[in-house]
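*Asks:* Submitted below is the structure of interest, expressed as structure tokens.
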Amino acid sequence: MANLGGLLLVNACFLAAGIGVTSLAGWWRGARSLPGVLGVSYLCGVASFGVTAQLLYVLGASLARWQVVVVCAVFAAGAVRGLARRGEEAAAPRTTAWRWLFWPIAAMLALLAVDLWYQPLWAYDAWTFWTPKAHALFALNGLAPGWFAQADLLNKDYPLLLPAIEAAGFRFTGYETALLDLQSWLIFVGFLRAVYEIARPRTNALLVWATLALLVVAPSVADQLASAEADIPVAAFFGVAGLCAWLWLVERSRPALVVAAVLSAGAAATKVEGLILTVALFASLAVVAAFGRPRRVLAPAAAGVAALVAGLLPWRIWIAHHGIHDQASLGRVTDVSFLVHHAVRAPIAAGYMLVKAFDPRAWLVVLPFAFVLLWTGRRRPGRELAFVAATVVVGFAGLLLAYWTTPFPFHYHLAVSARRIITGLVFFLAAVAPLVAGPSAPVRE
């Protein structure tokens with residue numbers, strides 16, 4: 001139990017950091033508004049700490065426990081701005097009969113937590129490189145080139161956000177791998193809470209609660225949480241970043257664009273899929289926003305570039321300096337002869353990913369329900385549906401290109417990873433669909 005207390009303590013530090021980050025972004029004003037931003041703030045805290053920790057590791061820091069606390073405290077200091085500003089009085093919302101759905105969702109989350117508490121760390125990728133990297137950061141007091149550049153370490157080029165988060169946890173709990181599943185669970189709960197915070201005041205209560213319920217009971221979520229890998233964090237960052245990008249497009253909310261950039265930096269600093277999805281998100285947002293008003297391309301383009309620079313540039317410099325091979329080879333992606341020679345991979349990978357995304361044994365009816373909601377919102381302004389469609393199509397095409405040009409055995413790579421890497425697009429569609437389905441009067445739970 002003491003180790004669990006340490007895990008909760010370090011995540012409380014992440015939450016405090018995120019409250020400061022969202023305050024500086026202008027996401028909330030006044031102490032009374034804090035309960036309504038905890039989910040978004042927690043994810044921003046995890047993303048901000050992870051991106052900063054990666055930079056500090058590259059610069060030679062050890063990130064001992066006191067340093068973890070100091071980094072979070074520096075971010076948390078930003079909360080002074082939000083606390084000093086008075087929030088606007090909101091109109092009294094009406095209540096809804098659907099609030100009872102909170103209890104079965106909470107019960108399912110509790111069951112997942114109990115299951116994860118007793119699960120061993122069994123996933124192959126977790127044991128072969130995610131957790132060893134986190135343990136090395138913890139045990140070697142930083143980014144030791146002799147260990148991180150060794151020839152037999154798998155996926156040496158993967159960014160450091162998840163290992164940095166787990167290493168920070170080890171500083172508070174000791175080397176306790178049994179808690180890593182619960183760290184993923186906390187990030188998933190933060191995602192659900194963030195979706196509720198953003199979507200609930202803007203659309204029908206039943207649509208939001210139904211979406212959250214479908215995600216909580218999806219078998220693939222339980223499976224991926226137990227794996228303690230990076231796919232749930234990437235999907236959580238990207239899903240909420242997509243919601244915030246939608247808010248900027250529809251409501252012209254500058255704080256939403258800042259939060260989208262922060263979360264996207266976290267996604268890019270976690271896995272190569274995060275880079276693909278970040279590019280898809282901001283490229284789509286910039287193009288759709290520029291229709292009729294070309295100058296509007298500047299804000300989303302700048303936010304996307306900032307997210308990629310913060311999330312990836314320090315790490316890319318470090319791996320280039322130490323001669324580490326980058327699996328995401330630009331040469332293969334732009335090699336026409338390579339693409340033509342391996343053209344048969346494209347339809348196979350596309351079909352396989354679609355099967356995994358719509359597999360009811362993995363996701364039940366999450367995507368069919370999301371597409372029904374998108375269909376009901378077809379009369380909304382075209383730019384909204386265009387943004388959602390472009391993000392999904394470009395993101396899917398980017399993942400497809402990754403399989404098309406993979407340096408690993410094609411069928412093996414597809415079989416072991418496709419069921420996980422589509423999680424980001426599933427989370428994005430599930431999160432944004434209730435908003436597209438149409439707004440209604442604000443409702444108080």
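Bear in mind that the values in this text are calculations on the coordinates, not laboratory data. Note that this is a predicted model, so its numbers are computed, not measured. Note: ideal-geometry Cβ built from the backbone for every residue, glycine included; neighbour counts use all protein chains shown.
*Asks:* Mean 1/r over all different Cα pairs, inverted: what Kirkwood radius does segment 195-248 give, in Å?
*Replies:* Numbers: mean 1/r = 0.0811 Å⁻¹.
After inverting the mean inverse Cα-Cα distance, the result is 12.3 Å.
*Asks:* Return one quarter of the surface area of the convex hull spanned by the alpha-carbon atoms of segment 326-437, equal to its mean projected area, in nm². Display every interim value, and only then the final one.
*Replies:* Details: hull surface 31.0 nm².
Average of the hull's projected areas for segment 326-437 equals 7.8 nm².
*Asks:* Which lysines have a Cα lying under 28 Å from the Cα of residue 356, excluding residues fewer than 8 positions away in the same chain?
*Replies:* The reachable lysines, counting only those whose Cα sits under 28 Å from residue 356, are 156, 271.
*Asks:* Would you mind ranking 259, 426 so that the residue whose beta carbon has the fewest other beta carbons within 10 Å leads the list?
*Replies:* Details: 259 33, 426 23.
Going from least to most buried by this count: 426, 259.
*Asks:* Can I ask one more? Going by the alpha-carbon gyration tensor, a ≥ b ≥ c the square roots of its eigenvalues, is the chain rounded (a/c under 1.5) or, if a/c is not under 1.5, prolate (a/b greater than b/c) versus oblate? Intermediate results must be reported in sequence, preceding the final value.
*Replies:* Numbers: a/c = 1.37, a/b = 1.12, b/c = 1.22.
Rounded shape, in that the Cα axes give a/c under 1.5.
*Asks:* Okay, moving on. So for 422, 232, fewest C-beta neighbours within 10 Å to most, what's the order? Write down the numbers at each step before the final one.
*Replies:* On the way: 422 28, 232 25.
Least to most surrounded, the residues fall as 232, 422.
*Asks:* Note down the magnitude of the dipole of the chain about its Cα centre, charges +1 on Lys and Arg C-beta and -1 on Asp and Glu C-beta and zero elsewhere, to the nearest 20 debye. The partial results should precede the final answer.
*Replies:* Numbers: 32 positive and 20 negative charges, 319 e Å.
Once rounded to the nearest 20, the dipole reads 1540 debye.
*Asks:* Give me the Å³ per residue figure for the convex hull around the C-alpha atoms of segment 19-72.
*Replies:* Enclosed volume per residue, from the Cα hull, is 78 Å³.
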